[in-house]
Every structure is written in C-alpha cells, then in structure tokens.
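The values are calculated or read from the model by the stated rules, or taken from the named source; none is laboratory data. What you see is a predicted model; the values in this text were computed from it and never measured. Backbone-built Cβ (ideal geometry, glycine too); neighbour counts: all protein chains shown.
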Amino acid sequence: MTGVPMVLAEKVSKNFGSNRVLRGISLQVDPGEVLCMVGPSGSGKSTFLRCINHLERVDGGRLSVNGQLVGYRQKGDKLYELKLKEAAFQRQDIGMVFQRFNLFPHLTAVENITLAPMRVKKQSRTAATARAMELLERVGLEDKGDAYPTRLSGGQQQRVAIARALAMDPKLMLFDEPTSALDPELVGEVLDVMKGLAKSGMTMIVVTHEMGFAREVADTLVFMDEGVVVEAGPPRQVLSDPQHDRTKAFLSKVL
Amino acid sequence: MSERGADRVTDPAKKPATATATAADSADAIVAIPLRHPWRNVIAVVLLLGLAVFLLDAAQRPDYGWADVGKYIFDRRISQAAWVTLWLTIYAMVGAIVIGLLLAIMRLSPNPVLKSIAWLYIWIFRGTPVYVQLVFWGIVSLIYPVFTFGIPFTTPWATIPNGIFTNLFITAVIGLGLNEAAYMSEIVRAGLLSVDEGQAEASTALAMSWGQTMRYVVVPQAMKIIIPPTGNEVISMLKTTSLVAAIPLSVDLYGVSRGISAVTFTPVPLLIVASLWYLLFTSVLMVGQHFIEKRFSRGTGRLKAEKGAGTPGTTSTPTPAPTSGPAAPGGPGVARTPGAPLGNDFGGKG
C-alpha cells in the first residue's frame, strides 16, 4: 500500500447555475477503505460521487484520485481541462454502479460485462467472456449469462451491473444508492455482494440509505447536508452519538 | 397491440365450434355463444359484390388494354427502367441516411455553429417542395457551367467543367438524397433522444469514448425507434423517384412507361404496368422491414416472448390462430397477422 490516498477532496465545490450543490467538500479515502455517505436527498452526495469520475465537472477546490487530479492537468500554476480521451482514460480505474442499474438492454448479461473490456482494453472475446463468467459466478448469477436485462429481477440486474463495473478491474468502486430502486426483498442480495467486495479489500464509496449496511461495512460514515460534510467518523460513533443537530435530526427520521 | 383483436378482424366468420372444442379441454372454461356481428358480414358482402362488378367491368373495358399490360409487364425497357428506379432509391436513401445522421448529430452537438447549420439545412430542404428542388438541380449545370478554384477576384488556379450536374442520374440522386436527408435527420434525432441518458452515462463511466458510446450503446438502441419510420421513408422514396421527370430524367420506371405510351397511345395499360412494378418493390420492402424490425427489437422482451414459443415460424404464418381458448404463454396466440406489426401508412410527401 502506498501512502497516496485513493480519493482526496479539498474544498470541492460544484454549481448548477446559481444553485451551489457542493460547497467545499473535504475528505480522504485510503486504499481498501469503505466510505459510506448518508444524508437527505439533494444534499449533494450523488453529485460528489459523479464528480469523482468526472461525469460532472468540479468548479472549485481540488479533487484527485490515486494522486491524479480529476478532469484537469496542472502545468505550472495553471490548470488545463483534460481532453475527452484523457478523461476516459482516468475513468478506467473507477467503477460505478447506478441507482437505476443502467444495464444496456440490447445486450445480454455477458455482453454487458464484456463490452468495455473488449472495446476499451482491447481484450479478446474469449478472454473477456471467461472473465465475465467468473464475475457472474462471484455475484451468484452464473446461470444468467445469456439473459437480457429485461428478463432479470432488479436485484439480479444490479448484481450484473456490479460485475460489469468490476470487469474493468477498477481500483475504486462508486455506488450511487445501489439499492434504492429495488423491492425490499431484493435489497439483501445486492448488499451481500457489496459486503463480499468490501471484504476482498476493494476501495468503495457508497451513497446509501441502508444504515445497517453502513454500520456493518463502512470504515467511515459521512453525513452530508446542503453541500457540506456535516459530520464524519466511524459509523458506530456517528450513528449512536451524533454531535451535530442536523445529523441528529436526520438520523431520528431514518433509524 | 392486441393479438386477439387482430385475428378477429382477419377471421370474421369464426365458428363457435372452435370455442366448444377448446372449452372441453379445461374444466373451468366458459361455454358461451360468441357475440354475433351480422353487420360485418353484410358490409363485407356488399363491398365484395361492388368489387366484383368493378372488376368484371374493367376486364371488358378496352381503355385498360389488358393485352397491352401483359405485353409490356416484362418488356425489357420496363424491367431496365425498374432497375433504374431501384438504384435511384438505394443511392438516394444511402446518401440521405448518412447526411441525416450527420445532421442529427450536429443538431444535438453543443457547438452552436454546427447546430445552426443543421437547422438552416433542414429549414430549407424541408420547407420547399421536392419537385421544385429537382427542377432547380436540373438547371444547376446552367447556373454553374464550370467549377473554379482559387481566391475570389483573382485569377483562378483551376477551372473544371461541371460534370456532375450534366449527368442526370447523379443529379437525380443528389436532388432526392439532399431532400430526404432533412427528413432522415429528424428521424435519427428522435431516435437518439429516445435513449435514456443513463445509458450514455453508464457507458461513459465504463471509460468508453463518445464515439464508442454512440456506436455500441446509443445508436443500437436508437435503431428500434429509427428503423420503422426509415422503412416508410424508403417506400416513400421509391415512389418519389417518379418526380425525377422534373429534372428531366426519363429513364426511370415512370418515365419509360410514359415514353412508351406516348408512342403507342395506350397510357392506361402502361400506368398499370408501372404501378404493378412499384407495388412489387414496396411489397418486398415491407417484408424486409418486418425482419429488420424484429432484429433490432432484441432485449425488449417482445422478441423473447416469441422465442419462448419455440416456433419462430408462427410469427409469419398466415394461418389464423385459434384464439378462443385460454392463451397459454407462447401458445399460438403469439402468431401475428402478416403485415400487422409494420404499421405502415404508405405515407408519401412527394
């Protein structure tokens, strides 16, 4: 393990027009760490996650992944915006799982998983497919390789989506409310896969409303509200002994 | 759409025997006399009688010249002209699809210059009649007899005669293609916009480039939306080619049949001959469109349901399926009336 943090955010800010969504987020995620972000909707959790892989452009502060500035290149004291190709290259190390799965409906589960490795990393179909089957087995769907997404339940789709992200061998996984669109009885199977992933040492940032999961798996729990980090710390401490009034108010509603 | 409804239309005289026979199979099935539709039969009989009268009359009327229809239908000049029409359609449509795709991407691009150019193009080419445009392209070679290259108001570096617009076939392809491109761009744009934003986002998050995202994720899904209206456009284009007479190009199907009838003074039989050839082509195109649509509806669930029946043949079998029984999943209820999913209105705009 190097001393370089996987994610380092220093006073990151982001505006949508006059709407200040992020107002100076500072936090650090070390390799192998699992960070869970909770907070009311509209607090900027998802936006921050999308900034990390440059789906959204950071407007202020510094955000770096694995020691590399996200979306910009520094030359002297000037910042240059990255070309689309360079930004895409940065994303190779970052996997993302979406609330609404976003599987490609015209491709089977295996094709969903092999698409990026074949097109971006130029892997052969045989190698990519073998890896896809391995990943499907890991998420418990080895018999669903030929199924189209519409034939899968929400939980199964989300597990395929996790396998798809893992196929690029990311160093960091981002989860944007991965269980919020699921029927309650399907949440467990997805959380189990994520727990397994955390145990294997993957660095993860998880935006979630699953407090039980956060308590069990997270190394750090961050509570965000109105674009700022209100409180951060070990999950047990934050959940059982919140220091801030806003944290207390939020937790009293969700726990 | 309701499969049962479609079948009922094709099979108005359904025998109640079918219902009772199926009912015997399952204990709880309802045994009832099906609702009668006496007026349907009455109207059908009246219309059939009317059609019979018309056909009998037409068969005897000398103006139709059925002997001439038989004589010219496989005439070498006609079949060669049919090829010209077919190739005009193909070249013009290929050009229109390529330019239309470009225009659609330009209109969706964040670059305001490209956006305006595409808008202006569509405004002009969709806002003027294709017949007028064809006349214009026909006289372009008079307006621009030579192409000159160089800096304006200085001695030109090179001057080449305008060989493009003196070739009337190429002129026709350009005229038809440029007009059609404006319509195609709107179709493509609607298709690209129909794909959920999350798809491009997921693809981007997987480190795929914009081009890869378009090619492997967005465009394949947009195809489902783009294909059906494009099929209509091809059919429409096939018929619009008859307007190349405005250029004037007269080696296409309509032009040649007019040419022959001008000599023989038998206009009606040659119009019938041309119409039969147009109908043949549009019918083949409709069948082709059906299969392409099926190919691009992968992953939408509809195709999988059909596959589940294990009888891919049923989808195109014209035999009316028995629909009175309980529709088992993947049963014969999946069968479609031929042509029904095409949804063509043969809409033309020429």
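From the residues in region B:172-201 that are part of a helix (DSSP H, G or I) and free of Cβ contacts under 8 Å to residues at least 12 places away in the same chain, which one is farthest from the other protein chains (Cβ to nearest Cβ)? Filtering region B:172-201 for residues that are part of a helix (DSSP H, G or I) and free of Cβ contacts under 8 Å to residues at least 12 places away in the same chain, the one farthest from the other protein chains (Cβ to nearest Cβ) comes out as B:197. Of all residues in region B:41-64, those that are in contact (Cβ under 8 Å) with a residue 12 or more places away in the chain have Cβ atoms under 8 Å from Cβ atoms of residues that are surrounded by fewer than 10 Cβ atoms within 10 Å (Cβ to Cβ), 6 or more apart or on another chain, in B:41/B:13.
If I filter region A:164-204 down to residues being acidic (Asp, Glu) and in contact with a Ser or Thr (Cβ under 7 Å, 6 or more places away or on another chain), which single residue comes out as nearest to residue A:116 (Cα to Cα)? Here the answer is A:176.
Number of residues in region A:81-105 that are in contact with a His (Cβ under 8 Å, 6 or more places away or on another chain) and of a type in the set (Lys, Arg): the value is 1.
Within region B:83-117, the set of residues being within 23 Å of residue B:219 (Cβ to Cβ), more than 24 Å from the chain's Cα centre (by Cα) and part of a helix (DSSP H, G or I) comprises B:106, B:107, B:108, B:114, B:115, B:117. Among the residues of region A:199-220, those that are within 30 Å of residue A:122 (Cβ to Cβ) and away from chain B (no Cβ under 14 Å) comprise A:200, A:201, A:202, A:203, A:204.
Of everything in region B:210-267 that's farther than 27 Å from residue B:175 by Cα and part of a loop (DSSP other than H, G, I, E, B), which residue is nearest to the other protein chains (Cβ to nearest Cβ)? Among residues in region B:210-267 that are farther than 27 Å from residue B:175 by Cα and part of a loop (DSSP other than H, G, I, E, B), the one nearest to the other protein chains (Cβ to nearest Cβ) is B:266. Within region A:146-188, the set of residues being among the β-branched types (Val, Ile, Thr), within 12 Å of chain B (Cβ to nearest Cβ) and surrounded by fewer than 22 Cβ atoms within 10 Å (Cβ to Cβ) comprises just one member, A:150. Please verify whether region A:69-80 includes one or more residues that are touching a residue at least 12 places away in the same chain (Cβ under 8 Å), more than 28 Å from residue B:212 (Cα to Cα) and not acidic (Asp, Glu). Checked region A:69-80: no residue is touching a residue at least 12 places away in the same chain (Cβ under 8 Å), more than 28 Å from residue B:212 (Cα to Cα) and not acidic (Asp, Glu). Note on region B:144-162: residues that are within 29 Å of residue B:246 (Cα to Cα) and either polar (S, T, N, Q) or out of contact with any Phe, Trp or Tyr (no Cβ under 9 Å at 6 or more places or on another chain) (or both) total 6.
With respect to being modelled with pLDDT of 95 or more and either outside any loop (DSSP other than H, G, I, E, B) or under 30 Å from residue B:207 (Cα atoms) (or both), residue A:156 fits the description.
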